[in-house]
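The values are calculated or read from the model by the stated rules, or taken from the named source; none is laboratory data. Everything quoted here is computed from the prediction, not taken from an experiment. Cβ placement follows ideal geometry from the backbone for every residue including glycine, while neighbour counts extend to all protein chains displayed. Keep in mind that these areas ignore ligands, DNA and RNA; they rest on the heavy atoms of the full protein, side chains included. Shrake-Rupley method; radii C 1.70, N 1.55, O 1.52, S 1.80 Å.
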Amino acid sequence: MKLRKPLFAALAAVIGAGTLLSSNLALAQKDWPTRSIQLVVPFAAGGPTDSIARLIAVPMGQALGQTVVVENVPGAGGTIASTKVSRAAPDGYTIYIHHMGMATAQALYEKLPYDPMTSFEYIGQVADVPMVLLGKKDLPANNFKELEAYIKANGAKVTMANAGPGAVSQLCGLLFQSRLGVKLTNVPYKGTGPALTDLLGGQVDLLCDQTTQTIPYIKDGRVKAYGTTTMKRLPAIPNVPTLNEQGLKGFEVKVWHGVYAPKGTPQPILDKINAALKKALNSPDVKKRLEDSNIDIVSMDKVSAKGLKSHLETEINVWGPVIRKANIPD
Ligand code: ASP
């Protein structure tokens, strides 16, 4: 009996603290955001993912009344950033943009420290970006047929840049090698921003990259474009044939993007982020800049948790078998 009172008092204190904690939490959610928000990008600055992130960060920040700061966390094809975000505080101050690497990494790595289907909250899809197979300006091959012959003659002497296992440049490059039945020397970078710089400088021979940065260089002849990864030619570069029409039947890689938050981020905060993302994607400036790079903003029903999560699940199921069949080595 002696213990009852202190026990009761302790319980009351715990319950009181709990109530205080939950009302503080409710207040924090209601007032969110009271400081800047970090938008994590899993690749180097100056690349395609970074560009889309920076493009949406400004209007999202305006919609939320706080700055959205881009933080580049490159390495291991995006899996370092995914791991970091999966362990970040779920308070709305960390959000994450990643592309289809979120779906392909599982098939490329033996074990991931996070689970794409359970370690995150889903905010919405963003945009779909086509890719182009590029070569350095002074590569002797002037078209895809000549490139095939050049690769067959030179094999592993030909170098191909990528942004690591989990990056779409790696996926595209290795699917390409698997279809040709060759193994080139693959050179990993922290993003295709630095990889493109080296392609322009002539330090690497080939790179499969998104259209985000590449169209001006293709147009002014500073890189060679051998084919797009789309079923139809791209309006911005109509003279570049698709890989599909040049013999690589069905070669299609459309790089979709999604915005995520750490698991457990409160729903009212997720709703606010989702509304800000929609607003950003509807801004005429963002629309125009994405259109100029042949990037398609997704329909607004896909800018939702349900739209992103179900697409991610579909893509895990699509790419897993393709990657395993292609026996992608590195
Ligand atoms: N999207 C990556 C980047 O921004 C590259 C990649 O996935 O290939 O660098």
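What to note about this one:
- Hits in the stretch 224-233 (condition: crowded, with 19+ Cβ neighbours inside 10 Å, touching a Ser or Thr at 6+ places or on another chain (Cβ under 7 Å) and of a type outside the set (Gly, Ala, Ser)): THR228, THR230
Here's the yes/no breakdown for (1) closer than 25 Å to THR214 by Cβ; (2) at pLDDT below 95; (3) loosely packed, with under 13 Cβ neighbours inside 10 Å:
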site: GLY258; (1), (2), (3): yes, no, no
site: GLN267; (1), (2), (3): no, no, yes
site: ALA275; (1), (2), (3): no, no, no
site: LEU281; (1), (2), (3): yes, no, no
site: LEU290; (1), (2), (3): yes, yes, no
site: SER293; (1), (2), (3): yes, yes, no
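- Residues of the stretch 76-107 that turn out to be part of a loop (DSSP other than H, G, I, E, B), open to solvent by 10 Å² or more (accessible area, probe 1.4 Å) and among the small types (Gly, Ala, Ser), as a count: 2
This table checks each residue for (1) within 12 Å of the ligand (Cβ to nearest atom); (2) open to solvent by less than 40 Å² (accessible area, probe 1.4 Å); (3) touching a helix residue (DSSP H, G or I) at 6+ places or on another chain (Cβ under 8 Å); (4) not aromatic (Phe, Trp, Tyr).
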position	(1), (2), (3), (4)
GLN125	no, yes, yes, yes
PRO130	no, yes, yes, yes
PRO140	no, no, yes, yes
ALA149	no, no, no, yes
GLN177	no, yes, no, yes
PRO194	yes, no, no, yes
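- Residue satisfying condition, being in contact (Cβ under 8 Å) with a residue 24 or more places away in the chain and under 14 Å from the mean Cα position of the chain (by Cα), within set TYR109, TYR96, TYR114: TYR96
- VAL168 vs. criteria near the ligand (Cβ under 8 Å from one of its atoms), in contact with a Gly (Cβ under 7 Å, 6 or more places away or on another chain) and either modelled with pLDDT of 95 or more or within 22 Å of PHE251 (Cα to Cα) (or both): yes
- Filtered by the rule that a residue be touching a residue at least 12 places away in the same chain (Cβ under 8 Å) and within 20 Å of SER51 (Cβ to Cβ), the stretch 283-301 gives SER283, ASP285, VAL286, ARG289, LEU290, ASP292, SER293, ASN294, ILE295, ASP296, ILE297, VAL298.
- Selected residue [more than 12 Å from the ligand (Cβ to nearest atom) and open to solvent by less than 20 Å² (accessible area, probe 1.4 Å)] from ASP209, ASP198, ASP205: ASP205
- Total residues in the stretch 42-56, condition part of a helix (DSSP H, G or I), more than 8 Å from the ligand (Cβ to nearest atom) and in contact (Cβ under 8 Å) with a residue 24 or more places away in the chain: 4
- Filtering the stretch 151-175 to residues that are open to solvent by 40 Å² or more (accessible area, probe 1.4 Å) and touching a strand residue (DSSP E or B) at 6+ places or on another chain (Cβ under 9 Å) leaves ALA156, LYS157, PRO165.
- Unique match (being of a type in the set (A, V, I, L, M), under 28 Å from THR83 (Cα atoms) and out of contact with any helix residue (DSSP H, G or I) (no Cβ under 7 Å at 6 or more places or on another chain)) among ILE269, ILE297, ILE273: ILE273
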